[in-house]
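To start, the structure under review is shown below, and the notes come after it.
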Amino acid sequence: MQKLWWHGKVAYQIYPKSFKDSNGDGIGDIPGIISKLDYLKELGIDIIWLCPVYDSPFVDNGYDISDYKNIASVFGTMQDFDELLSKANSLGIKIIMDLVVNHCSSEHRLFRQALKDPYGPEAKYFYFVKGKNGQVPDNLRSYFGGSVWEKVPGQDDLYYLHYFAKQQPDLNWNNRELRQKVYDMINWWLDKGIAGFRVDAIMNVAKDPNFNGLPPDDKDGMCAANKMTAKLADQAIAILKELKKETFDRHQAFTVAEAFGLNPEIMENFVGEKACFSTIFDFTARENFEKFPGYYAYPKADIKLYRDSNFKMQELVNKVGFVAPILENHDEPRSVSFYLDQKQQTPDGAKALATAFMFLKGIPFIYQGQELGMTNTHFNDISEIDDLNSKDEYKKCLNHGMTEEEALDCINRQSRDHGRTPMLWDSSLNAGFSTGKPWLKVHQDYLTLNVEKQLKDPDSTLNYYKKLIALRKSPEFAECFTYGDFIKGDTSDPDVICYLRKTEQLTIKVIASFKDENIALHNENNAQILLSSNEYNLIDGNSLRIKALSAVVLKIAENN
């Protein structure tokens, strides 16, 4: 495998609105991020993925972009961004931006012009389509609920397409002029010095211009838009190959794509040396839930589901390239709350889960607050929820017979807002996030669950994350953790995650137990404990003792 600059790195996702507020307006900003760069350096971070900071009306928290070459004033200025880029680079930290080009904001200059002249040249940059038989063009359902079609103001039978909110019109990637405008914008940012992009919802760029719809998948008579996207993978790949050639390849950019529902047959187009991107996020665990029509139908997650999903992807790409393992992000609940039973949602549980995650093959992405073992925030009323998707899911729950209490309980398990509540820096007002009223509720346990407190505790989840990252990047073992094969271990026990990382010279074994009782295993080949999440995990003769809800990383033996 060709060795590239980003191999062996550890990445960290920042949701700027919730990371650190420097001016007391209750919203995180770029100067706030700058103030915490030393914290990230000490943690061991090499790459920061910065969620959108572009100009936006913030209908969807910045994923509705009105100007791709300007910074939203609530986050600061372009001068602030340049300072962030410079200071991060001086610390050896690369910045990647969020690339949101399936859609833009309805406030974007080109879309406003298209609305003024629905048959003019700018309208061709979007999808303006006539209705069929007095109805919308097809029956696809938006990711945020309702039809993907919105009537063009002042037009009797003309609609525009939006797979997300109606304020997020989809860009027409079938239009060559539109594609060139996107390429110019991407190259402008890369020329500025960013290291690459996280690429948002990119499989959705493929559209069938016939707009024939699909069979309904729920009682509303509509079908989820992602099911159409899944049928158009070949069309998307052709678009993405051109995108890479015209932009990423010219700058040796690092790119990580949000690409759901990929078939194994097309995986080489997304992972590996000939792929459209450097890597993709491993969403296989989450995809077990996305296939259901709503939160009301989601089954309970558990550690076996997380293990089996990750193992499946690891084996699929083992000889091809890297994926980007995750536990959580800004679109998901907190992993400790999502995958673990209530009694396991403790620092011990967080450490065991972190161990299982950190040594998978690929470039791990840590989400802000994950390193603290953050759990879900408790929302007392749907009015405390900001996320459009969660509000729509709440309505779905009610429409499917749930009481308001049951629907709120469902949101408290699944909402995307769990990943968006403010970062917990200390035990002062608002967890040290802001001196003003935060834009979203602060976690109920911030007095005891925060960075300042954990930095002082050598046994904290935060300090354990530092040990995990240091081991992964250590000179003696970095080659194995970066390029070593993944080999799954015994999967007969649903409460244990076990796998090997192996090179010709070295074998390392990772065991994470989520059992309620201690276990004893045979100590094969005189294994040596490299890292343990609990001091009571030890080797006693030929026996390896692992305490309940804990993990170990073992050096098995030098391979001959």
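The values are calculated or read from the model by the stated rules, or taken from the named source; none is laboratory data. Worth saying up front: this structure is predicted, and the values here are computed from it rather than measured. Glycine gets a Cβ as well: all are built from the backbone with ideal geometry, and neighbour counts include every protein chain shown. In case anyone asks, the SASA skips ligands and DNA or RNA and just uses the protein heavy atoms, side chains included. Shrake-Rupley method; radii C 1.70, N 1.55, O 1.52, S 1.80 Å.
Things worth noting here:
- The lone exception for GLY272 - which of (1) at pLDDT below 95; (2) within 20 Å of LEU161 (Cβ to Cβ) it fails: (2)
- Restricting attention to region 505-550 and to residues that are of a type in the set (Asp, Glu) and touching a residue at least 24 places away in the same chain (Cβ under 8 Å), the residue that is least open to solvent (accessible area, probe 1.4 Å) turns out to be GLU524.
- Flag for GLN113 being open to solvent by 30 Å² or more (accessible area, probe 1.4 Å), assigned to a helix (DSSP H, G or I) and closer than 18 Å to LEU37 by Cα: no
- Applying the criterion of being β-branched (Val, Ile, Thr) and outside any loop (DSSP other than H, G, I, E, B) to the residues of region 424-463, the residue that is farthest from SER337 (Cα to Cα) is VAL451.
- Here PRO209, PRO216 are screened, and the one residue that is in contact with a strand residue (DSSP E or B) (Cβ under 6 Å, 6 or more places away or on another chain), farther than 27 Å from VAL320 by Cβ and surrounded by fewer than 16 Cβ atoms within 10 Å (Cβ to Cβ) is PRO216.
- Qualifying residue in region 321-329 (condition: small (Gly, Ala, Ser), surrounded by fewer than 16 Cβ atoms within 10 Å (Cβ to Cβ) and either assigned to a helix (DSSP H, G or I) or at pLDDT 95 or above (or both)): no
- Pairing residues of region 233-257 that are over 14 Å from TRP173 (Cα atoms) and open to solvent by 10 Å² or more (accessible area, probe 1.4 Å) with residues that are at pLDDT 95 or above and small (Gly, Ala, Ser), at Cβ distances under 7 Å and at least 6 apart in sequence or on separate chains, gives ALA253/ALA195; ALA253/GLY196.
- Selection status of TYR159, touching a residue at least 12 places away in the same chain (Cβ under 8 Å), among the hydroxyl-bearing types (Ser, Thr, Tyr), open to solvent by 40 Å² or more (accessible area, probe 1.4 Å) and not in a helix (DSSP H, G or I): no
- Scanning region 487-545 for residues that are under 21 Å from THR346 (Cβ atoms), of a type in the set (S, T, N, Q) and under 28 Å from the mean Cα position of the chain (by Cα) turns up SER513, SER532, SER533.
- When PHE260, PHE359 are checked against the criterion of being open to solvent by less than 20 Å² (accessible area, probe 1.4 Å) and under 19 Å from the mean Cα position of the chain (by Cα), PHE359 stands alone in meeting it.
- Residue within region 409-416 that is in contact with a helix residue (DSSP H, G or I) (Cβ under 7 Å, 6 or more places away or on another chain), open to solvent by less than 60 Å² (accessible area, probe 1.4 Å), of a type in the set (A, V, I, L, M) and assigned to a helix (DSSP H, G or I) present: yes
- Filter result (in contact with a Phe, Trp or Tyr (Cβ under 7 Å, 6 or more places away or on another chain) and open to solvent by less than 30 Å² (accessible area, probe 1.4 Å)) within region 25-42: GLY26, GLY28, ASP29, ILE30, GLY32, ILE33, LEU40
- The residue that is nearest to GLU290 (Cα to Cα), among those in region 123-172 that are of a type in the set (S, T, N, Q) and within 33 Å of the chain's Cα centre (by Cα), is SER142.
- Flag for ASP426 being open to solvent by 20 Å² or more (accessible area, probe 1.4 Å) and modelled with pLDDT of 95 or more: yes
- Some residue of region 284-292 being open to solvent by less than 10 Å² (accessible area, probe 1.4 Å) and farther than 24 Å from THR421 by Cα: no
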